[in-house]
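**Student:** Before anything else, here's the structure in question.
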Amino acid sequence: KQEVTQIPAALSVPEGENLVLNCSFTDSAIYNLQWFRQDPGKGLTSLLLIQSSQREQTSGRLNASLDKSSGRSTLYIAASQPGDSATYLCAVSPTGTASKLTFGTGTRLQVTL
Amino acid sequence: GAGVSQSPRYKVAKRGQDVALRCDPISGHVSLFWYQQALGQGPEFLTYFQNEAQLDKSGLPSDRFFAERPEGSVSTLKIQRTQKEDSAVYLCASSLLEGGYTFGSGTRLTVV
């Protein structure tokens, strides 16, 4: 059974810092990995999707990497802003067509002024 | 619609009461998923539809949980005889067959 773990569970940083969120998974037979953002009382917003054949994806100040062999992904946030405060979730998918996602427990990020 | 719509946003139920949660997916999205998210946890898969066919219901925690999507569009998740452990946020997501999930804002169910 696939298990996804995220470290740290919570993180508080001052504005402007660069930070790294970690995600690990036990079964490397994945098709893709996604990072989501969840704001309090809201649904999930997809940030980045990495196919299993790729090693990284970038969008603005966000960069996500994937190492299937070690079962790890990292989300790098550059020059953090208070608006980045949210819970960040990673999720893996086993197949190429729409399929159920296995989520980690999330990292709750607070960026302070 | 422009996004996935879920209703109600909040539901308080007395233990033993039946509840029905509604999901309106994005028009044309073939796939629809239900997830359950307990406080402080990541979402956990409940069930999956492709059009009106329920292809996977392996995540439903008990036979008190039932989901349907009779016309391949709107879906309803029904929970019978609610228990306190059913308290959670229930998230619906829809996608085209090749992925690209859009999540709704969820229904927060509190069983008292």
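No lab work stands behind these numbers, since they all come straight from the coordinates. Not measured: the values here are computed from a predicted model. Ideal geometry is used to build each Cβ from the backbone, glycine not excepted, and the neighbour counts take in all protein chains shown.
**Student:** So what are the radius of gyration and Dmax for the Cα set of the protein assembly as shown, in Å?
**Tutor:** According to the Cα coordinates of the protein assembly as shown, Rg and Dmax are 17.5, 50 Å.
**Student:** First select every other residue whose beta carbon is under 10 angstrom from the beta carbon of B:Asn51; then total the charges, Lys and Arg +1, Asp and Glu -1.
**Tutor:** On the way: positive: B:Arg69; negative: B:Glu52, B:Glu71.
Residues near B:Asn51 contribute -1 overall.
**Student:** Please express the shape of chain A as an equivalent ellipsoid: the semi-axes are the square roots of 5 times the eigenvalues of the C-alpha gyration tensor, given largest first in whole angstrom.
**Tutor:** Values: eigenvalues 110, 39, 31 Å².
Value: 24, 14, 12 Å, ordered largest first.
**Student:** Pick out, in residue order, every one of the trypsin sites (Lys or Arg not before Pro) in segment A:28-113 that is DSSP loop and has at most 12 other C-beta atoms within 10 Å; say none if there are none. Can you show the working numbers first?
**Tutor:** Working: sites: A:Arg37, A:Lys42, A:Arg55, A:Arg61, A:Lys68, A:Arg72, A:Lys100, A:Arg108; in loops: A:Lys42, A:Arg55, A:Arg61, A:Lys68, A:Lys100.
Listed in order of number, the matching sites are A:Arg55.
**Student:** What number, in percent, do you get for the relative contact order of segment B:1-110 if the mean sequence gap of Cα pairs under 8 Å and at least 6 apart is divided by its residue count?
**Tutor:** Working: 275 pairs, mean separation 40.1, N = 110.
That works out to 36 percent.
**Student:** Follow-up. Can you pull out the GluC sites (Glu not before Pro) in segment B:31-112 whose DSSP state is coil and whose Cβ has at most 16 other Cβ atoms within 10 Å? Before the final figure, lay out each step's value.
**Tutor:** Values: sites: B:Glu44, B:Glu52, B:Glu68, B:Glu71, B:Glu85, B:Glu98; in loops: B:Glu52, B:Glu71, B:Glu98.
Here the sparse-neighbourhood loop sites are B:Glu52, B:Glu71, B:Glu98.
**Student:** How large is the charge dipole for chain A, taken about the Cα centre, if only the Cβ atoms of Lys, Arg (+1) and Asp, Glu (-1) carry charge, to the nearest 20 debye?
**Tutor:** Numbers: 9 positive and 8 negative charges, 53 e Å.
That gives chain A a dipole magnitude of about 260 debye.
**Student:** What residue among A:Ser59, A:Ala10, A:Leu47 has its Cα farthest toward the positive end of the dipole of the protein assembly as shown, where the charges are +1 on Lys, Arg and -1 on Asp, Glu, each on the Cβ?
**Tutor:** Comparing the listed Cα positions along the dipole, A:Ala10 ranks first.
**Student:** Something else about it: State the answer as a single residue: which of B:Asn51, B:Ser62, B:Leu77 lies farthest towards the positive end of the charge dipole of segment B:15-82, with beta carbon charges of +1 for Lys and Arg and -1 for Asp and Glu, about the Cα centre.
**Tutor:** B:Ser62
**Student:** Still on this structure, please answer the following. What is the diffusion coefficient of chain B in µm²/s, taking the Kirkwood radius over Cα pairs and the Stokes-Einstein relation at 37 °C with a viscosity of 0.692 mPa s?
**Tutor:** For these conditions, the coefficient is 238 µm²/s.
**Student:** Once the convex hull of the C-alpha atoms of segment A:1-59 is built, how many Å³ does it hold per residue, rounded to a whole number?
**Tutor:** Values: hull volume 7.6 nm³, N = 59.
Taking the convex hull of the Cα positions in segment A:1-59, it is 129 Å³ per residue.
**Student:** Within the protein assembly as shown, how many Lys pairs sit with Cα atoms under 18 Å apart, leaving out pairs fewer than 8 places apart on the same chain?
**Tutor:** Lysine pairs satisfying the spacing and distance rule in the protein assembly as shown number 10.
**Student:** Treat every Asp and Glu Cβ in segment B:38-112 as -1 and every Lys and Arg Cβ as +1, leave all other atoms uncharged, and give the resulting dipole magnitude about the Cα centre to the nearest 20 debye.
**Tutor:** Numbers: 7 positive and 9 negative charges, 65 e Å.
My answer is approximately 320 debye.
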